[in-house]
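K.L.:
Shown below is the structure under consideration.
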Amino acid sequence: MLSQLPNDLLRRPQIRLHGKVDNAMLDRFLDQFDNALAAQPPGPILVEVTTTGGDAETGRRIATDLITARERFGADLYFVGKSVVYSAGVTILSAFPPERRYLTQDCMLLVHERRLDKTLELKGAMRAMEALVRDTLAEIESARAMERRAFAVLVEGTQLSLDDLMKRIDQSDWYLEAREAEALGLIRAVL
């Protein structure tokens, strides 16, 4: 439980990520994470995140490193979301079990389906256009499968089923206040 962690951990998280989830955030994460893992003696690592979102794949990359460190190397990891944790930031949050997730009172989560911004120009030979359309459809299907797996991890161990989550985001983006996230068991507590 976070309240049992030393106050120094709360005052000085080893990893602070803020801003857009992009390659620059990934670089900052990797530097801070390496330093936190190398600390002697090893102890709990608090990851503090404030983000309006960004690149989904970069969020997945950060989450993958966190999950690997926790599951394979026994890293003692905690998450604190401050102010806003949107989109790809929720992907990072999902790397932590619900009992290791915390939000500040003012924090808002944003969960939505993956987005694709792509323009197809269909011009030329029919077979070539058909291949382009099939490739794009395969990209969409692959992204949807990744999205479903990521959402399954997010809701695992909570009171929210994957189907309920998918229904909520089917109609529109889902903004959750910290207390609602706590009531659904998506986080351990509001700080």
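K.L.:
Between R72 and D117, what is the spin-label point distance in nm, taking each point 7 Å from the Cα along the Cα→C-beta axis?
P.N.:
So the label points at R72 and D117 sit 3.3 nm apart.
K.L.:
Per-residue ellipticity at 222 nm for the chain, helices alone: DSSP H runs ≥ 4 residues times -39500 (n - 2.57), over residue total, nearest 500 deg cm²/dmol?
P.N.:
So the helix-based figure for the chain works out to -15000 deg cm²/dmol.
K.L.:
Separate question: Let's see if you can work this out: charge +1 on each Lys and Arg Cβ, -1 on each Asp and Glu Cβ, no other charges. What is the dipole magnitude of segment 100-179 about its Cα centre, in debye to the nearest 20?
P.N.:
Here the size comes out at about 160 debye.
K.L.:
Can you give the local net charge around V133? Use residues other than it whose beta-carbon is closer than 14 angstrom to its beta-carbon, Lys and Arg +1, Asp and Glu -1.
P.N.:
-1
K.L.:
Same structure, new question: Below 24 Å, Cα to Cα, which lysines can K82 reach? Residues fewer than 8 away in the same chain don't count.
P.N.:
Hits, sequence-local ones excluded: K20.
K.L.:
Ok, one more. Using Cα centres only, tell me the gap between segment 68-87 and segment 149-189 in whole Å.
P.N.:
17
K.L.:
Then there's this: For labels at Q105 and D135 in the simple 7 Å Cα→Cβ model, what's the distance in nm?
P.N.:
Each label point lies 7 Å from its Cα, and together they span 5.3 nm.
K.L.:
Sticking with this one: What lysines could a cross-link reach from K167, if we take a straight Cα to Cα line under 26 Å and drop same-chain neighbours fewer than 8 places away?
P.N.:
Once the sequence-local lysines are set aside, what remains near K167 is K118.
K.L.:
Here's a follow-up. Quick one: accessible surface of R100, probe radius 1.4 Å, all protein chains present, in square angstrom to the nearest 10.
P.N.:
That residue has around 60 Å² of solvent-accessible surface.
K.L.:
Further question on the same structure: Once phi is turned into ³J(HN,Hα) by the Karplus curve 6.51 cos²θ - 1.76 cosθ + 1.60 with θ = phi - 60°, what whole-Hz value does each residue of segment 176-182 show in order, with x for glycine and proline?
P.N.:
For segment 176-182, the Karplus-derived couplings read 10, 6, 3, 5, 5, 4, 5 Hz, x marking Gly and Pro.
K.L.:
Now a separate question. Heavy atoms only, probe 1.4 Å: what % of the accessible area of the chain goes to carbon and sulfur, would you let me know?
P.N.:
Ligands and nucleic acids excluded, carbon and sulfur give 49 percent.
K.L.:
Pick out, from A143, V84, P42, the residue whose Cα sits farthest towards the positive end of the charge dipole of the chain, with +1 on the Cβ of Lys and Arg and -1 on the Cβ of Asp and Glu.
P.N.:
P42
K.L.:
Could I ask something else about it? In debye to the nearest 20, how big a dipole does the chain give about its Cα centre with +1 on each Lys and Arg Cβ and -1 on each Asp and Glu Cβ?
P.N.:
That gives a dipole near 120 debye.
K.L.:
Sticking with this one: Please list, in chain and number order, the residues 5+ apart from V47 or on another chain whose amide H is under 5 Å from its amide H, with Hs placed from the backbone.
P.N.:
Answer set, sorted by chain and number: Y78, F79, V80.
The values are calculated or read from the model by the stated rules, or taken from the named source; none is laboratory data. Keep in mind the model is a prediction, meaning the values are calculated, not measured. Every residue, glycine among them, receives a Cβ derived from its backbone with ideal geometry; neighbour counts consider all protein chains shown. Note: areas computed on protein heavy atoms with side chains; ligands, DNA, RNA excluded. Shrake-Rupley method; radii C 1.70, N 1.55, O 1.52, S 1.80 Å.
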